[in-house]
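Enquirer: Below is the structure I would like to discuss, written out as structure tokens.
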Amino acid sequence: MPSKQLFCKFTVMENIDKMPVGQIVAENYRTCPVFESHKIDYYNKGKQTLEEVADEHKINLQALRNEIAKKRDSQIKEDKDFNSWTLDALSEYIVTTYHRYADKQIQVIKPALKKACQEYGERHPWLPEIKKLFDEAAGGIAVHQKKEELILFPFIRKMADAEKNNKEFVRPSATRSVESPVDMLTHEHHQQSDLFQKISALSKDYTCPEGIDGTFEDSLHLLKEFELNLHQHLHLENNILFPKALKLEKELTA
């Protein structure tokens, strides 16, 4: 007779088919590499179920379940359980970790791409196009992050303070509802990731052509790292911070 533990594990893996992929990653961040390896958008399209993404990407559902189970059962300790964090702590972490990273890396990647274009742009015409796309993404990200830091995150911290200290919540005069900035910023998240999907496609998934020096290869490595960091950043906001902020506002204003 199967043990209760085995039965529970089997039931969880059966039910996972109908779970949104964003929720799967939010509940266990160790599963993130599974979705990255299959290029499954868990960060912007996190409401899609595992069953739906398996069908869309032509992946065997059982094989995908097995990969997720292996990551879930991994003995590697998960560094941070973001899903359990308070909203004010999570918003502060996003600023200090992801916003500051983007600010710093944009200043590194821009001149590296400019140099690569000067040296190899004629031989590889896709390179200037990548530079153009990155410049567009960088400009959008800079403005986007300021909106979060000056509009949305102060609103979230104000709600978190009201909940934590059992205080009356008074909406900031400049923002009538958290829903409006969340909708706007979510739309911009899609725009950012779309630009990087184009960069990835043009560079053949950041593959350096033969006969190119290390500077060019380093630029592609930095771009790939930037995109992965962006996915993690968007996941924390789209799948954890934003939904919880919307839920908390409803509770505080009920």
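Enquirer: Can you give me the number of residues within the range 156-165 that are under 21 Å from the mean Cα position of the chain (by Cα) and without any contact (Cβ under 8 Å) to a residue 60 or more places away in the chain?
Expert: Final tally of qualifying residues: 0.
Enquirer: Just give me the residues in the range 164-197 being within 24 Å of Trp85 (Cα to Cα) and acidic (Asp, Glu), in sequence order.
Expert: Within the range 164-197, Glu168, Glu179, Asp183 meet the criteria.
Enquirer: Sticking with this structure for a sec: Select from the range 11-50 the residues that are assigned to a helix (DSSP H, G or I), more than 21 Å from Ile240 (Cα to Cα) and under 21 Å from the mean Cα position of the chain (by Cα) and list them in ascending order.
Expert: Answer for the range 11-50, where residues must be assigned to a helix (DSSP H, G or I), more than 21 Å from Ile240 (Cα to Cα) and under 21 Å from the mean Cα position of the chain (by Cα): just Ser37.
Enquirer: Just one of Pro172, Pro154, Pro181 is over 28 Å from Glu36 (Cα atoms), assigned by TED's automatic domain parsing to the domain that holds Leu113 and surrounded by 14 or more Cβ atoms within 10 Å (Cβ to Cβ); which is it? Working first, answer last.
Expert: Numbers: Pro172 fails: surrounded by 14 or more Cβ atoms within 10 Å (Cβ to Cβ); Pro181 fails: over 28 Å from Glu36 (Cα atoms).
Result: Pro154 is the single residue among Pro172, Pro154, Pro181 that is over 28 Å from Glu36 (Cα atoms), assigned by TED's automatic domain parsing to the domain that holds Leu113 and surrounded by 14 or more Cβ atoms within 10 Å (Cβ to Cβ).
Enquirer: Let me ask something additional. Within the range 56-78, take every residue that is in contact with a helix residue (DSSP H, G or I) (Cβ under 8 Å, 6 or more places away or on another chain) and loosely packed, with under 13 Cβ neighbours inside 10 Å and give me the one that is nearest to Asn239 (Cα to Cα).
Expert: Here is the first cut: in the range 56-78, the residues in contact with a helix residue (DSSP H, G or I) (Cβ under 8 Å, 6 or more places away or on another chain) are 59-61, 64-65, 67-69, 71-72, 74, 76, 78.
Add one more test, that the residue is loosely packed, with under 13 Cβ neighbours inside 10 Å, and what stays is 60, 74, 76, 78.
Working: Asn60: 25, Ser74: 23, Ile76: 23, Glu78: 18 Å.
In this case the residue turns out to be Glu78.
Enquirer: Quick check on His235: is it in the same structural domain as Leu90 (by TED's automatic domain parsing) and over 14 Å from the mean Cα position of the chain (by Cα)? Let's see the steps before the verdict.
Expert: On the way: in the same structural domain as Leu90 (by TED's automatic domain parsing): yes; over 14 Å from the mean Cα position of the chain (by Cα): no.
Taking the combined requirement at face value, the residue does not satisfy it.
One line per residue, one yes/no per condition, for (1) among the acidic types (Asp, Glu); (2) touching an Asp or Glu at 6+ places or on another chain (Cβ under 8 Å); (3) within 24 Å of Pro209 (Cβ to Cβ):
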position: Thr96; (1), (2), (3): no, no, no
position: Lys104; (1), (2), (3): no, no, no
position: Ile130; (1), (2), (3): no, no, yes
position: His144; (1), (2), (3): no, yes, no
position: Leu150; (1), (2), (3): no, no, no
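Enquirer: I've got another one for you. Which members of the range 204-220 meet the condition of being of a type outside the set (Gly, Ala, Ser) and surrounded by fewer than 14 Cβ atoms within 10 Å (Cβ to Cβ)?
Expert: Lys204, Asp205, Thr207, Glu210, Asp213, Thr215
Enquirer: If you don't mind, another one. Condition first: acidic (Asp, Glu) and crowded, with 18+ Cβ neighbours inside 10 Å. Can you find one or more residues in the range 118-136 that meet it?
Expert: If we filter the range 118-136 for residues that are acidic (Asp, Glu), which is where we start, we get 119, 122, 129, 135-136.
Next, only the ones that are crowded, with 18+ Cβ neighbours inside 10 Å stay: none.
No.
The values are calculated or read from the model by the stated rules, or taken from the named source; none is laboratory data. In this text, all values refer to a predicted model and were calculated from it rather than measured experimentally. Neighbour counts run over all protein chains shown; Cβ positions are idealised from the backbone, glycine included.
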